[in-house]
Amino acid sequence: MAVSGVSSTSSTSSSSSTSTAQQKATLNYDNFLQLLIAQMKNQDPTDPVDASEQMSQLASFSQVEQTIQTNSKLDTLLASSSLTQAGSYIGKYMTSADGSVKGTVASVKVYSDGIVATTTDGKSILVQAGITLADKAPTTSS
């Protein structure tokens with residue numbers, strides 16, 4: 001069974017793209033500060049910009065930067081949680097959500113958008129709601 005809907009982007013590249021997003025946000029934040037200083041230097045002395053408006057703009061950019069940092073930390077936490085969860089599947093007997101693939105999990109791959117378990121006979125199971133997980137294969141009674 002081919003597993004569809006799983007990208008080949010790993011959580012490692014996801015965290016590196018988050019790092020890139022942080023760098024862009026920092027760059028934008030620095031640009032804002034430069035614009036703020038330029039605005040202060042070039043303002044009309046007869047009609048100065050309201051200081052509370054400047055502080056409001058600065059606070060808005062500060063909140064955006066903090067949100068990006070929080071998202072980065074959450075991504076790291078989720079990736080760590082996925083790795084811990086994935087490791088617990090190895091050696092367990094898993095049945096896919098639709099029941100078409102069954103087997104003992106030999107390895108697990110963690111992607112940015114999900115987990116794929118590979119059974120000892122090479123079949124892939126997308127770990128999602130509805131899978132069945134057991135310590136060992138069920139025994140059949142005759």
So Asp44 ticks every box in (1) out of contact with any Phe, Trp or Tyr (no Cβ under 7 Å at 6 or more places or on another chain); (2) not in a loop (DSSP other than H, G, I, E, B) but one. Which box is left unticked? (2)
Filtering region 65-105 for residues that are surrounded by 14 or more Cβ atoms within 10 Å (Cβ to Cβ), of a type in the set (A, V, I, L, M) and over 18 Å from the mean Cα position of the chain (by Cα) leaves a count of 4
Pairs returned, first residue in region 36-50 that is closer than 21 Å to Ser60 by Cβ, second residue that is β-branched (Val, Ile, Thr) and modelled with pLDDT under 80, beta-carbon separation under 6 angstrom, 6 or more apart or interchain, are Gln43/Val49
Look through region 110-129, keep the residues that are surrounded by 11 or more Cβ atoms within 10 Å (Cβ to Cβ) and without any contact (Cβ under 8 Å) to a residue 60 or more places away in the chain, and return whichever of them is nearest to the chain's Cα centre (by Cα). Ile115
If Thr67 meets every condition in (1) out of contact with any Ser or Thr (no Cβ under 9 Å at 6 or more places or on another chain); (2) part of a helix (DSSP H, G or I); (3) farther than 30 Å from Phe32 by Cα; (4) of a type in the set (S, T, N, Q) apart from one, which number is that one? (3)
Exactly one of Ser19, Ser15, Ser100, Ser8 is assigned to a loop (DSSP other than H, G, I, E, B) and at pLDDT below 75, and that residue is Ser8
Within region 95-132, work out how many residues are in contact with a strand residue (DSSP E or B) (Cβ under 7 Å, 6 or more places away or on another chain) and farther than 20 Å from Leu78 by Cβ. 17
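The values are calculated or read from the model by the stated rules, or taken from the named source; none is laboratory data. Every value quoted in this text rests on a predicted model; they were computed, and no experiment measured them. Virtual Cβ from ideal backbone geometry, glycine too; neighbours counted across all protein chains shown.
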